[in-house]
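Notes follow the structure.
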Amino acid sequence: MNEKTTASDGLGGIGTAGRTAEEALLEDPSPIGEEDIADASLATETEAPQPPPGQEVGTQQAQVALSGADRAVAWYRARLGSTAYEGWCERAARRLAWGCPAKYRSAIDHWKRGGPRHTTGTPPKGAFVFWNIGRFGHVGLADGKGGFYATGVKGRIGHASGVGYYRKYVGWIPGGCG
């Protein structure tokens with residue numbers, strides 16, 4: 001990712017003349033404001049934390065992780081139909097929905113350096129789901145039922161019922177700031 005760029009690929013990367021795509025991704029200010037950062041108040045009573053099938057929630061830490069997934073998914077649900085986040089999939093999923101600091105240059109960088117990676121099974125609610133499409137990849141959040149929320153679903157934040165919505169699904173990584 002060392003070539004110079006001047007255009008957006010629509011999947012999380014945007015560049016400026018004279019800088020590498022990597023530099024542009026890390027330095028360019030996002031059009032996303034403070035009001036977009038994860039907001040715990042978006043979780044509703046109907047989305048109360050539930051343990052994964054066959055797993056009992058017995059610790060406060062597990063309960064916090066589950067409520068974090070509910071909040072992250074609720075962030076997307078509250079913005080269904082928005083086009084404000086197109087080209088910012090990694091920032092939307094990690095920084096805004098989960099409220100984590102920026103850590104990865106792109107969705108594909110998150111897939112390669114995040115972990116643990118899973119290539120089979122239904123991703124749990126709030127897990128990051130990845131596709132190897134475009135130059136920077138694409139990421140969304142699992143709904144826990146085999147579908148996902150993401151930017152770029154028919155050109156806006158949306159929900160798809162299966163990870164096969166995009167070609168080249170690569171797998172999932174547990175959600176959160178790890």
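Values in this text are rule-based calculations from the coordinates and carry no lab data. Predicted, not measured: the structure shown is a model, and the values here were computed from it. Reconstructed Cβ throughout: ideal geometry from the backbone, glycine too, with neighbour counts over all protein chains shown.
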Given region 94-154, what strands (runs of 3 or more DSSP E) lie entirely inside it while holding 1 or more residues that are more than 10 Å from the chain's Cα centre (by Cα) and of a type in the set (V, I, T)? 148-153
Of the residues in region 114-126, those that are surrounded by fewer than 24 Cβ atoms within 10 Å (Cβ to Cβ) and either among the aromatic types (F, W, Y) or within 19 Å of K168 (Cβ to Cβ) (or both) number 7
Being buried (at least 20 other Cβ atoms within 10 Å of the Cβ), without any contact (Cβ under 8 Å) to a residue 40 or more places away in the chain and at negative phi narrows A74, A69 down to just A74
Identity of the residue in region 155-178, of a type in the set (K, R) and not in a strand (DSSP E or B), that ends up surrounded by the most Cβ atoms within 10 Å (Cβ to Cβ): K168
Given the structure, is A93 buried (at least 21 other Cβ atoms within 10 Å of the Cβ), under 11 Å from C177 (Cα atoms) and not polar (S, T, N, Q)? yes
